[in-house]
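Engineer: Here it is, the structure in full.
The values are calculated or read from the model by the stated rules, or taken from the named source; none is laboratory data. Since we're looking at a predicted model, the values are computed, not measured. No Cβ is skipped: glycine too gets one built from the backbone with ideal geometry, and neighbour counts run over all protein chains shown. The accessibility values were calculated without ligands, DNA or RNA, using every heavy atom of the protein model including side chains. Shrake-Rupley method; radii C 1.70, N 1.55, O 1.52, S 1.80 Å.
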Amino acid sequence: MTAAPGPRAPVPQVAGHRLRPHPAGCIVEAWGPDRASCLTEALGALVESFAEVADTPVTRSLPLTAVPPGARDEVVILFEEVIYALDVFGIVPLRFHLAETEDGGVAGEMDVVPADRASLVGPVPKGVSSHGLTMDHRQGAWRCHVLVEV
C-alpha cells in the first residue's frame, strides 16, 4: 500500500517581497509566478529599502540591461544598474517593467524621478553581495534572496 503524499507548499499566485535586516545592509527576498515578476519585486524591494516616493509623476523611463538567459548573476546585474543610476545620475526608480525576451533573457525599463523628489528612509545601497545569492525556480515559483550592502 502506498502512502498518500504529504501536504505541499502552496504555489504563489502573486508576486511579493520582504526586507530583512542584516549587519552589512539588508536582505531582499522576492517571489513570483515567473522570473520577470520575481525580479520586478526584488528591484522594488531594493528601492523600498532606502527611498520612499509618494505621488510623484514619472519624469522619464530608462532601459534596463537585457540579461542573458541563464545568467546566474542576473539579480546582481539589475541591482547594480539601479545603484549606478542613483549614484551617477541622481535618479530613483518608481516602477519597473520587466519581461522575458525571446532568447530567454530578461529586459525592460524603469520609470524614474530625480532623487531630490524622494525621501530617504534608509542608507543608500553601495553594492550587492554574491554571498548567499540565489535566484531559482522551486516549489512552482521563482524566488530570489540577495544581500544588499550599504
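Engineer: Output yes when any residue across segment 72-81 is open to solvent by 70 Å² or more (accessible area, probe 1.4 Å), in a helix (DSSP H, G or I) and not small (Gly, Ala, Ser), and no when none is.
Structural biologist: yes
Engineer: Within segment 15-37, which residues are among the basic types (Lys, Arg) and open to solvent by 40 Å² or more (accessible area, probe 1.4 Å)?
Structural biologist: The answer is ARG18, ARG20.
Engineer: I'd like the residue in segment 96-129 that is open to solvent by 70 Å² or more (accessible area, probe 1.4 Å), modelled with pLDDT of 95 or more and of a type in the set (D, E, K, R) and, out of all such residues, is nearest to LEU46 (Cα to Cα).
Structural biologist: Within segment 96-129, the match that is nearest to LEU46 (Cα to Cα) is LYS126.
Engineer: Can you say whether ARG8 is modelled with pLDDT under 95, farther than 22 Å from HIS137 by Cβ and among the charged types (D, E, K, R), as far as the supplied structure shows?
Structural biologist: no
Engineer: Cβ-Cβ distance below 8 Å, separation of 6 or more or different chains: which pairs start in segment 69-83 with a residue that is under 10 Å from LEU46 (Cβ atoms) and end on one that is open to solvent by 40 Å² or more (accessible area, probe 1.4 Å) and at pLDDT 80 or above?
Structural biologist: Listed by first residue and then by second, the contacts come to LEU78/THR65; ILE83/LYS126.
Engineer: I've got another one for you. Yes or no: VAL88 β-branched (Val, Ile, Thr), touching a Phe, Trp or Tyr at 6+ places or on another chain (Cβ under 7 Å), surrounded by fewer than 18 Cβ atoms within 10 Å (Cβ to Cβ) and outside any strand (DSSP E or B)?
Structural biologist: Criteria not met by VAL88.
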